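This report concerns only the one structure given below.
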Amino acid sequence: MTRILGIDPGSLRTGIGIVDVAPDGRARHAFHCALAVGAAADFPMRLKAIFDGVLALVNAHEPDEVAIERVFVARNPDSALKLGQARGAALCAVLTRALPVHEYAPSEIKRAVVGGGRADKTQVQHMVKMLLGLDAAPQADAADALAVAIAHAHVRASTARMGVTRAGWRTRR
């Protein structure tokens with residue numbers, strides 16, 4: 001089994017999803033939550049809360065690999081900068097443990113989980129619930145993080161079957 005930590009970075013809530021993946025690529029739910037950091041006194045303290053929260057979860061759940069959503073270009077530059085900083089805080093936390101990090105665009109994640117790159121949050125929540133056999137749909141940020149982990153599990157299984165690296169897989173599509 002390989003344990004994958006999926007991260008959906010956010011400056012108010014950072015989604016965390018952990019799945020255990022069998023060699024055949026089947027994913028099983030291990031853990032999920034949303035780190036709510038919006039109540040922090042100021043933005044730098046939010047970043048510290050993200051760093052501390054992700055690091056605590058890495059220490060508690062001991063993932064083998066990390067998959068994180070790439071920042072997309074937002075209409076509001078300030079929001080994009082804050083999202084990038086939140087992502088950086090999460091990355092720094094996992095890199096303190098020298099974990100391999102894999103990055104995915106939002107459209108790649110949605111395509112892998114829902115089948116279409118323009119799926120909305122409700123569709124992602126529903127498919128995560130179905131794919132992992134959960135009783136209820138997870139909170140939106142946690143569902144997005146689980147979707148990141150599931151997408152990485154699918155890519156890992158596909159590249160292993162094809163005998164290529166992820167970079168090689170991208171050029172074959």
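The values are calculated or read from the model by the stated rules, or taken from the named source; none is laboratory data. Please read all numbers here as calculations on a predicted model, not as lab measurements. Cβ coordinates were reconstructed from backbone atoms using ideal geometry, including for glycine residues, and neighbour counts include every protein chain displayed.
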Q: Within segment 114-121, identify whether any single residue is modelled with pLDDT under 85, farther than 19 Å from Leu5 by Cα and of a type in the set (A, V, I, L, M, F, W, C), and answer yes or no.
A: yes
Q. Counting just the residues of segment 90-102 that are free of Cβ contacts under 8 Å to residues at least 60 places away in the same chain and touching a Phe, Trp or Tyr at 6+ places or on another chain (Cβ under 8 Å), which one comes out nearest to Ala36 (Cα to Cα)?
A. Ala93
**Q.** Selection within segment 25-67 - in contact (Cβ under 8 Å) with a residue 60 or more places away in the chain and either among the hydroxyl-bearing types (Ser, Thr, Tyr) or under 13 Å from Ile7 (Cβ atoms) (or both)
**A.** His32, Cys33, Ala34, Pro63, Glu65, Val66, Ala67
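Could you say whether any residue in segment 70-83 is outside any helix (DSSP H, G or I) and surrounded by 18 or more Cβ atoms within 10 Å (Cβ to Cβ)?
Yes.
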Q) Of everything in segment 18-48 that's farther than 19 Å from His102 by Cβ and crowded, with 20+ Cβ neighbours inside 10 Å, which residue is modelled with the lowest pLDDT? A) Val37
Q) Quick check, is Ile7 touching a strand residue (DSSP E or B) at 6+ places or on another chain (Cβ under 7 Å) and either acidic (Asp, Glu) or part of a strand (DSSP E or B) (or both)? A) yes
Q | Matching residues, segment 126-140, being of a type outside the set (A, V, I, L, M) and surrounded by 23 or more Cβ atoms within 10 Å (Cβ to Cβ) | A | Pro138
